[in-house]
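Here, each number is a calculation from the coordinates, and none is a lab measurement. Model, not experiment: these values are computed from the prediction. In this analysis, Cβ positions are derived from the backbone assuming ideal geometry, glycine residues included, and neighbour counts consider all displayed protein chains.
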Amino acid sequence: MNSAMYKQFTPAERLRLIVLAQARADVREIDRLWETCPQMDLVGRDPKFCRRIQRIRDAVSSVITYWLEVSHFVVCDRLFVTALRLESECKSQKLRIEGGNGEELAKLQADYAACAIKADASWRASSTAWKSIESAVTRFCTEVEITPEQLLAMGEWLPAAIGHASDQLHPDSHVSRADKDGTYRRLRRAWRDENSE
C-alpha cells in the first residue's frame, strides 16, 4: 500500500488494521499506521493554567483537610480538659460527703492534676496548630490579594467544625512559625507559575 492510501483510512479502518498488525506482530505496519494517522490542531484551555488551577485546588483541599483534623483535636482536647475538671470536682465533693480523709482527697486531686497537665498541653498544641494554619492562610491571601474566604472556596467545602473550633482555642496558645511557614509554602508553591521559579 502506498502512503497516500494510509492517510485515507477512517478511524474505524485504522483501528482494525492496527489490531490485525498487532495480532501478527507486524511492528513496521503498526508504526506506519500511527505515523500516517492524520493530525489536527486541538483547541482547548491553556494547559499551564489548568495545571495551576488544579495545583491550587489540591493544595487548598489539603489545607482544609488538615485544618479539619486539627479542629477535631482542638474540640476533643477542650472537652477532655473540661470533663477532667468536672469529674475531679465531683469525685472530690463525693469523697468529702462520704467522709473521706484528707490523704485520699489529696491523692485524688494529685491524680487528676497530673492528667489535667497532659490534657492541657495537648489542647494548647492543637490550638497552636490551628492558629498557625489560620495565620498561614491569612498571610498567603494578603500576598495574592484575595480573602481567605475566596481562597477556601477553591476547596469547594469548608467544614463548620473549623469555625466551631475557633471558639474553643486554648487561651495560652500562640502561632508556631514552623507550622505557619509549612502551610504557607504549600499554598505558595501551588500558586506560583512553574516557569517563574
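Computed over the stretch 100-197, the quotient of the alpha carbon radius of gyration and 2.2 N^0.38 Å is 1.58. For L105, neighbours were defined as the other residues whose beta-carbon sits under 10 Å from its Cβ, and their charges (Lys and Arg +1, Asp and Glu -1) total +1. Summing charges over neighbours of S61, with a neighbour being any other residue whose Cβ is under 12 Å away from its Cβ, gives +1 when K and R count +1 and D and E count -1. Rounded to the nearest 20, the size of the Cβ-charge dipole of the stretch 1-121 about its Cα centre is 640 debye, with Lys and Arg at +1 and Asp and Glu at -1.
Using a/c under 1.5 as the rounded threshold, could you call the chain rounded, prolate or oblate? The axes a ≥ b ≥ c are square roots of the C-alpha gyration tensor eigenvalues, and prolate needs a/b larger than b/c, oblate otherwise. The shape class here is prolate.
What's the FRET efficiency of E143 with A121 using the Cβ-Cβ distance as r and R₀ = 45 Å, to the nearest 0.05?
Given R0 = 45 Å and the Cβ-Cβ separation, E is 0.85.
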